[in-house]
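*Asks:* Handing you this structure, nothing more for now.
Derivation of every value follows stated rules applied to the coordinates shown; laboratory data play no part. These numbers were taken from a predicted model, which means no experiment stands behind them. Ideal geometry is used to build each Cβ from the backbone, glycine not excepted, and the neighbour counts take in all protein chains shown.
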Amino acid sequence: MRGRKGLKWLRSLLLAGLFFLSTLGCNVLADDQPALRVCLLEDNLPYSSRQHDSGLDLETAKAVAEALQRPLALVWVKNNTHIDEIEDSDLPTRRLSKNECDAIFSVPGPDAVKDSPKLAIGAPYYGAAFELIGRDSSTPTSLAALGEHPTAVQSQTIANFVLNAHRAKMRTFFSTEEALSSVAKGEAVAALLWGPAAGWYLRNHPELKLFFVSGYEPPAVVRWNEHVAMRKSDTELREALDKALAQFNGSGALQAVLERYGVPFHRPFDTTYSLAEMQKLK
């Protein structure tokens, strides 16, 4: 009897040891996964903020790294805080090309990397646009309906050019804050501004009592799809990120992140800004 009990005890000990080793092996494999290095601008809310450890791109990067079972390494890049429009940016594409990071999130279409031959973009995972913002229910719900209603825009933006083509009456400003203040004061009936920047500002200034106009559908000429940028050589990573982002979007988690930062949620658009769309305005 003692021999049988000893054999059973030894067998249990061996099974426990094998289980421990298999678990340890899985943990070692997870720990050995290379970090997902993501370039983020230091002071660029609603996308990213080093000081506040926040931003929609930062939250998305954390979720994607977790889905890929890879540790996340943040590569913070100083930026110009006066840039707040789609046509001008300081996306750290050079850092990505030099292999200092593996990915950049919220890249607005292929034009954003056209001067970086080593880079490519993944599938679109959300859309962003110039949005109509008003202060009451009488605000027009389309660009064509603006007519003689004074509309606030930022100078030298696509929105500025588009409203000019519609022969709309405009009030031009050099910042999102000034344009929104004009609407709040009643100097303009509406504003046509870059949604993420305007949404973040409104989230932090509820006293303005402004809102994104319900029923407004941004036309193709003022909307973009957002992608993740990577090096062309990282094909496996691009496929993995596309899959993870599709799941993140499909679960509703991406929409929740955008809403936390006041950013209007759009699924990827079928058509987006192009020279052809601009020419249609003539």
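*Asks:* Report yes if Pro124 is assigned to a loop (DSSP other than H, G, I, E, B) and either over 13 Å from the mean Cα position of the chain (by Cα) or under 25 Å from Gln156 (Cβ atoms) (or both), otherwise no.
*Replies:* Numbers: assigned to a loop (DSSP other than H, G, I, E, B): yes; either over 13 Å from the mean Cα position of the chain (by Cα) or under 25 Å from Gln156 (Cβ atoms) (or both): no.
So Pro124 fails the test.
*Asks:* Considering every residue within the stretch 184-200, establish whether at least one is of a type in the set (Phe, Trp, Tyr) and surrounded by fewer than 18 Cβ atoms within 10 Å (Cβ to Cβ).
*Replies:* No, because not a single residue in the stretch 184-200 is of a type in the set (Phe, Trp, Tyr) and surrounded by fewer than 18 Cβ atoms within 10 Å (Cβ to Cβ).
*Asks:* Okay, next question. For the stretch 177-227, give me each residue that is closer than 17 Å to Ala159 by Cβ and basic (Lys, Arg).
*Replies:* Of everything in the stretch 177-227, just one residue is closer than 17 Å to Ala159 by Cβ and basic (Lys, Arg), namely Arg223.
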